[in-house]
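Some notes on the structure that comes next.
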Amino acid sequence: MSTAGFNSQNGTGTGQAYANGPSQNPVAMQQLPGVSYGMNHQPIYNPMQSKAPAPPGPGLYPSGAYQPTPPVNSYQPGQPPTSYPAPLGQPLLTRPLMGVPPSHTPPQSASPGPRPSLARATPPPPAVSSSSYYQTPQQLQPMAPSWQYNTGPPPMGPPTSTSTPPRGPVANHVNPSSSSTVPPSPLSSAAYSSGPGMPPTSLQGYNQPGIAPPQMNPMASHTYHPSRPAYGPPTSGQPISGPPPTGPPPTGLPPTGPPPSMKPTPLPTGPPVANVTPHPPRSDGAVAGNGPQSSNSYNHVDNQMAGPPQHGPPGRHLGHYPSLPPGYQNTPAPQNSPSAMHPAIQSATQPYTQSSQPYQQPPRGPGPAQLSPSMAAMSLQSSTPEALRVVNLLQERNLLPPSPTPPPTPCLPQDLQKINCNPEVFRSTLTSIPQTQSLLNKAKMPLGLLLHPFKDLTQLPVVTSSTIVRCRSCRTYINPFVTFLDQRRWMCNLCNRVNDVPEEFMYNPVSRSYGEPHKRPEVQNATIEFIAPSEYMLRPPQPAVYLFVLDVSHNAVETGYLNVFCQLLLENINTLPGDSRTKVGFITFDSTIHFYNLQEGLSQPQMLIVSDIEEIFLPTPDSLLVNLNECKELVQDLLRSLPNLFQKTMETQSALGSALQAAFKLLSPTGGRMSVFQTQLPNLGVGALQSREDPNQRASAKDIQHLSPATDFYKKLALDCSGQQVAVDLFLLSSQYCDLASLGCISRYSAGSVYYYPSYHHQHSPAQVERFQKDLKRYLTRKIGFEAVMRIRCTKGLSIHTFHGNFFVRSTDLLSLPNVNPDAGFAVQMSIEENLADVQSVSFQAALLYTSSKGERRIRVHTLCLPVVNSLSDIFSGADVEAITGLLACMAVDRSVAASLSDARDAMTNAAIDSLSSYRQSVLTIQQPGLLAPACLRLFPLYVLALLKQKAFRTGTSTRLDDRVFAMCQLKYQPLVYAMLMIHPSLYRIDDLNDEGALNINERTIPQPRVQQLSVEKLSREGAFLMDAGLVLYLWIGRNCHPTFLTQVLGVPSYAAVPENLYTLPELDTAESQRTRAFIGWLRDQRPFFPSVHVIRDESPLKASFMQNMIEDRTESALSYYEFLLHIQQQISK
């Protein structure tokens, strides 16, 4: 399917390119030679940008003097929370006093004024640091950011027209609009901090002290829609009595929302009330109970009206109340604080609920609504949103919620929030979008989206219509967040274009009524699927085509995988997705290539051997891919005989490259799916590889080498496959190094998947065999989409600048997906190009056009709506810590490959430092000792430490190179909910399971044990603990485990009788066994892949793997969680 053809359907085939994506800069399109696994920015080595001194602990950070640290376990049972030691030699309070006038440099760059000396407690900074993506020649920036998260392309010469076509293909993981060959300007607004010579960024995104905001312009009179309160942070405390202002919502544009029949209760009319008694202020500066803070703030006019800046402490307005006594803010939270609630109840009771309250128009003049942010400390604990509750990480140990917490709910009106996109499908790192890029830079958090677009859904509305209603300008699909001006016109929520409602759209097929277009399914569901008419097809929909490429060398036969594969395919041959046109084919290879003629009429399959692997050709092109229904008996005969054909082979060589070329030739005319099974390093013909792993360097604390491909053969072939609608899935079953960094490119750039089974053997690793069987069955029978493309659109003013996942970027915002499967996740990074002051909300829409296995052309559309805010406190309160961690992991993988592993590790550490530093400097108004974080980010340092200790990024621990690369692939490819288990496993105590709080699913009782902290301190020799690490479940049995558990669950009389390689639990007719198996089965059912169970005793070889996941404990090469917190505090306090 050609690009232009699809683009023409989206209004971008000819003329101007799609405007919501980043512009293509021809200069920026260049790619460094030899770096085929690219990245949006190539880090530039700059010795002037030393970010931070090295923390203690070898192998975790750059070199530096080791400092005294607390014992391995700083937490003593029974101690009060305040008994943690302070960092040695470091004063508790290193912030400037409240009365000292601040420097007017942005908070990112530290003031050059004097500060308490930390010479004894702080190791000297390293001579160099590569913790920044951009360079500042001959300028010293003490707090240079570690990640240029949210930036679009830097200015490089004259602006490039958005209609300029790209100069050649854009590979995935590469920023289409930035270059690694041209360093960005240090004064670009894309950077976090303004740098020397820049105006203070504090003027961008904040009202000036003491100035009342102007009245908003009323809405245009022709707009036809329900009244809706303004978007913004919710009200805390009791609402102020008195009617809200009359008239439509305060904005220059009509707000998004449903048509009149769906409108909420209209607001009462009456004059604004200006003389009511104010409630205590919130921590974001708003008055509690004064209605939501307007998110479409007055930033576009505040600079003109503010007058000269007033000097004073940061965040304090002169002429208002004095600051509080120093001890006030140290008052402990009440015992009935919301943090003690169950997470589900807590998320339901915190102020960020789905309901919203009317916006109270603030009076003119410096009234109560303009109380300074520093007054937030006077607010009561109950008036602060739970997300912004201040948490001292050094004092509150038990931060881990007892069960998984739901993602934060965007602060939207209730009618919009009810129909917003499911966060399992579409999720943003920030559920409140900053109004400007400078405000986003201040927050120092990445802005991005995480998608699971083809997820299996239990309820999916499917619409069959000859007319698919789309915006005439930006080609956005009509969705719940458009505005109906009247029955015949609707306004696009992405570009504000007014469109006509087609006549056919006036009829509602659900209610069978006419004249209510706002009740159509397209306007009632944020996720919907269309059956596309003929204009969405450039050719007849392709059939389902499956080609299996099998390694049959001696090494492959020894593993025994061929028997498992043939048996499973025989069992599931009738459940392959497809219709009467489905085709299948088989290729086997060792040092030669073997084709199989399966033409109808033959009595048995014919093997055709091609030994000329240098000039590969197809011996009988018409009979190698056959119709499955017509030739099913021949296919079954081949599968029964295939394992015996090569039983005695002594061929040890592998010509994988030639086999892939042959498969590409075979699939090119139709497109389809290529499934490759490989068991060793390819060593013959094109694409041959040599071992690059030095086993002696596996535990090196230095940088890890060979994370990038050794050759571009596999990437080039993958791009050729993508152009012909062929995706390649790789199954790697090997006990030796296979160079997954090179082989993985064949799947990465063709939108395929990688499956990895290290040390696979049919006798020696039964757990791997079981996992391979379950994964393969799911792979063969799951839903599949062919010849797919996905485009992500966003509101004007936002732009996408980096994609993560397995795909090929065909144009600035169009992803080529020859196959799409329900287990694939994607991520994108965003930037804010224009001020969003004129809009109350922004929308993102992902449209996936694909051919189903039944030959239908379908379009699945997901639309997400988020509010726009203009204060840092609102940004922080809407932070989604898991989504931030997932996007950070994707960015770190790119950084590891394009720069170095140590660069990626430093940047992840600095991400935690930067965000908490920004929160302390810009949101907290009364400083206090300790490491302070908002409740919504309280787990961020823990997740960053988990990433540093994850197999993909860890150092100082023996890690096989293929294991490391596979972990990186998983972080980039897995949907967020599965990736988080691989980052931070869940630990449960299961020897005392009971029915308290249990779930009832399909008449099964599922116990719900509490999630434990990942520390040996939580283990007990008297208990049994289950660790869910995503791909594997570890069941650790304590030496003194209760005999009841051993007999009732494991079926053994004593601890000594527990088998060494136990990987399945016996099905015993006991309540304990049923509970345990029900809980493990429930965990497995929540993911598409099959995690194997390993029962571990103290003497088990896998005990080391289990203990390496104890993230909060110190190891020889990595800090404990408490030491890591001290390091972050030390960097923030500089």
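The values are calculated or read from the model by the stated rules, or taken from the named source; none is laboratory data. On a predicted model such as this, the values are computed, not experimentally measured, just so you know. Note that we place each Cβ from the backbone using ideal geometry, even for glycine, and neighbour counts take in every protein chain shown. What goes into the accessible areas is simple: the full protein's heavy atoms, side chains included, and nothing from ligands, DNA or RNA. Shrake-Rupley method; radii C 1.70, N 1.55, O 1.52, S 1.80 Å.
Things worth noting here:
- Taking the accessible area of the range 476-524, probe 1.4 Å, and keeping the other protein chains in place, the carbon and sulfur fraction comes to 49%.
- Against the empirical curve 2.2 N^0.38 Å, the C-alpha radius of gyration of the range 813-924 lands at a ratio of 1.39.
- Mean shadow area of the range 651-750, taken as a quarter of the surface of its Cα convex hull (nm²): 6.7 nm²
- Cross-link partners of Lys519 among lysines (Cα-Cα below 17 Å; sequence separation of 8 or more within a chain): Lys263, Lys418
- Of all accessible heavy-atom area on the range 869-1019, the percent that carbon and sulfur account for (1.4 Å): 42 percent
- When every Cα-Cα distance of the range 737-779 is counted in 10 angstrom steps from zero, the calculated P(r) takes the values 25, 42, 31, 2 percent.
- Listed cross-link partners Lys774/Lys972; Lys665/Lys716; Lys783/Lys972; Lys665/Lys715; Lys949/Lys1018; Lys783/Lys949 are compared with a 24 Å cut-off, the Cα-Cα value being larger for Lys783/Lys949.
- For the pair Ile573 and Arg489, label points projected 7 Å from Cα toward Cβ lie 6.3 nm apart.
- Relative pair counts by distance (%), Cα atoms of the range 798-847, 10 Å bins: 19, 48, 24, 10
- Counted residue by residue at 0.36 nm each, then reduced by the alpha carbon distance between them, the extension gain from Ser641 to Asn1000 reaches 124.6 nm.
- Between Val1016 and Gln705, the FRET efficiency estimated from the beta carbon spacing at R0 = 45 angstrom works out to 0.85.
- Solvent-accessible surface of the range 1033-1094, taken per residue with a 1.4 Å probe and all protein chains present: 44 Å².
- Selection from Val769, Leu684, Leu733 lying farthest towards where the dipole of the range 646-793 points positive, charges on Cβ: Val769
- At a probe radius of 1.4 angstrom, the accessible area of the range 491-574 per residue rounds to 37 square angstrom.
- GluC sites (Glu not before Pro) lying in DSSP loop within the range 1050-1085, provided at most 14 other Cβ fall within 10 Å: Glu1060, Glu1067
- Out of every Cα-Cα pair that the range 991-1124 contains, those further apart than 20 angstrom amount to 48 percent.
- Share of carbon and sulfur in the accessible area of the range 613-708 stands at 46%, probe radius 1.4 Å.
- FRET efficiency estimate (nearest 0.05) - Cβ-Cβ, Lys418 to Asp1098, R0 45 angstrom: 0.30
- Gain on full stretching of the segment that runs from Arg512 to Ala1056 - 0.36 nm per residue minus C-alpha separation: 188.8 nm
- Qualifying trypsin sites (Lys or Arg not before Pro) in the range 1003-1034, DSSP loop, other Cβ atoms within 10 Å at most 14: Arg1010, Arg1021
- The relative contact order of the range 402-479, computed from alpha carbon pairs under 8 Å that lie at least 6 residues apart in sequence, is 24 percent.
- Here the label points at Thr1044 and Leu460, each 7 Å from Cα along the C-beta direction, are separated by 4.6 nm in the simple model.
- Loop-located GluC sites (Glu not before Pro) in the range 986-1043, at most 15 other Cβ atoms within 10 Å (DSSP): Glu996, Glu1003, Glu1022
- Spatially proximal lysines relative to Lys442 (Cα-Cα < 25 Å; intrachain offsets below 8 disregarded): Lys51, Lys796, Lys1134
- Here the gap between Arg782 and Met650, fully extended at 0.36 nm per residue and compared with their Cα-Cα distance, gives a gain of 43.9 nm.
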